1. State whether segment 110-206 is rounded, prolate or oblate according to the following rule on the C-alpha gyration tensor (a ≥ b ≥ c being the square roots of its eigenvalues): a/c under 1.5 gives rounded; otherwise a/b larger than b/c gives prolate, and the remaining case gives oblate.
2. Before rounding to the nearest 500, sum -39500 (n - 2.57) across all DSSP H runs of length at least 4 in the chain and divide by the residue total; then give [θ] at 222 nm in deg cm²/dmol.
3. Scan (1) 79, 55, 35; (2) 67, 43, 36; (3) 63, 54, 39 for the value of Cα extents along the principal axes in Å calculated from this model and give just the label.
4. Stretch Ile276-Leu290 to full length: gain in nm at 0.36 nm per residue minus the Cα-Cα span?
5. Step by step: find N for segment 196-321, compute 2.2 N^0.38 Å, then divide the Cα radius of gyration by it. What's the final number?
6. Can you work out the accessible area per residue across the chain, with the rest of the protein chains kept in place, probe 1.4 Å, in square angstrom?
7. Roughly speaking, what is the stretch gain from Glu310 to Arg153, that is 0.36 nm per residue apart minus the C-alpha to C-alpha distance, in nm to one decimal?
8. On full extension of the chain, what length is gained from Leu205 through Gln145, given 0.36 nm per residue of separation minus the C-alpha to C-alpha distance?
Amino acid sequence: MSDTAQAQAMFARPNAGPWLFGRTTDLTVFGGSALLSLLLLLVGARLGLLYGETPDWVWLFCVVCVDVAHVWSTLFRVYFDREALRENPWLYTCVPILGYAVAVLATAFNPALFWRMLAYLAVFHFVRQQVGFVALYGRRGQPQQAWERNLDRATVYAVTLHPIVVWHTRLPQSFAWLMPGDFVAGLPIEIARTTGALMWTLLALFSVRQCQLFIKGTWQPGKVLIVVTTFACWYGGIVVLASDFAFTVTNVLIHGVPYMVLTYRYGRAQRQHASISSLILKRGLPAFALVCIGLAWLEESAWDHFIWHERPTWFGIGPELSAAVLLWLVPLLALPQLTHYVLDGLVWRVRSEGSVLRRELEDA
């Protein structure tokens with residue numbers, strides 16, 4: 001069955017083969033986003049951008065239209081969905097309130113502490129998303145044994161966390177996750193050597209197992225694609241090239257694009273419920289994308305106008321605010337990001353009873 005014929009399905013039907021969303025969608029979402037990252041690296045190399053200041057067009061496309069936009073796409077999974085709000089009103093109310101309170105307290109104690117907490121929460125979120133997609137594949141096709149699920153999970157953790165460990169051993173360097181100094185410096189190089197050996201070992205074991213499954217005709221090319229592209233982008237952008245440009249184009253695209261597709265397909269599958277989400281999504285993917293990008297643009301304009309003052313041509317020359325105002329404003333502007341990180345670890349859980357993903361996978 002084609003993706004078009006499955007207009008209301010979140011995941012591919014069993015007769016669509018060993019794919020998550022469908023062959024065309026999986027290859028486009030997971031492979032296409034990685035291929036675009038590599039193409040942007042080639043363009044950056046040709047234009048001499050790899051180790052220079054990241055240009056505005058890269059910031060606009062990768063950061064605003066993908067990274068920040070994917071944060072706002074959480075609205076379609078939670079706050080634009082009336083049924084979701086009805087099921088967990090306390091969770092979706094308390095997370096932003098408590099998140100804002102913690103962020104203000106951390107900023108009051110030490111602004112650097114706030115950015116460090118947010119950076120490590122972001123790393124956790126980025127890593128867990130890749131683990132989560134591989135886990136979803138594990139629920140398709142032939143049932144997996146426990147050791148195989150653990151091998152898949154450990155391999156994804158290794159190919160994401162080893163580059164982060166290497167990053168810590170090289171601090172300070174010319175780029176940061178969120179802000180200069182947000183990661184703790186001084187990690188011994190010996191730890192990176194250990195995690196590197198572990199990563200290569202797990203990749204070898206994963207490859208052997210996938211070759212066995214390929215011979216048996218039961219392998220899942222989509223899952224392999226996620227692991228390979230995650231390794232290529234994280235290791236290539238952080239360890240090999242180690243530049244702000246490389247990190248931005250490799251890390252952001254393979255994270256933000258699949259997440260937006262997941263939230264879009266979730267919202268489309270829930271369109272039978274009358275909600276803000278259904279009103280927007282019945283107009284298709286362009287409407288979904290425009291809402292997410294529009295909100296991302298408003299957020300970034302506020303950040304730049306009031307906090308960063310880096311693009312006055314685009315956002316005007318903003319006021320220099322006092323520390324007392326920044327204490328409340330910075331956590332407020334970071335709240336969509338913080339809420340997204342926390343809720344993402346809760347609303348997409350597969351194992352729990354009543355999980356949306358579990359229900360959709362069982363119905364697929």
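The values are calculated or read from the model by the stated rules, or taken from the named source; none is laboratory data. The model shown is predicted, which means the values in this text are computed figures rather than measured ones. Glycine gets a Cβ as well: all are built from the backbone with ideal geometry, and neighbour counts include every protein chain shown. Side chains included, ligands, DNA and RNA excluded: accessible areas come from the protein's heavy atoms. Shrake-Rupley method; radii C 1.70, N 1.55, O 1.52, S 1.80 Å.
1. Taking the square roots of the gyration eigenvalues as a ≥ b ≥ c, segment 110-206 is oblate.
2. -21000 deg cm²/dmol
3. (3)
4. Extra length from Ile276 to Leu290 when fully extended: 3.6 nm.
5. 1.51
6. Here the residues of the chain average 47 Å² of exposed surface.
7. 52.5 nm
8. 20.1 nm
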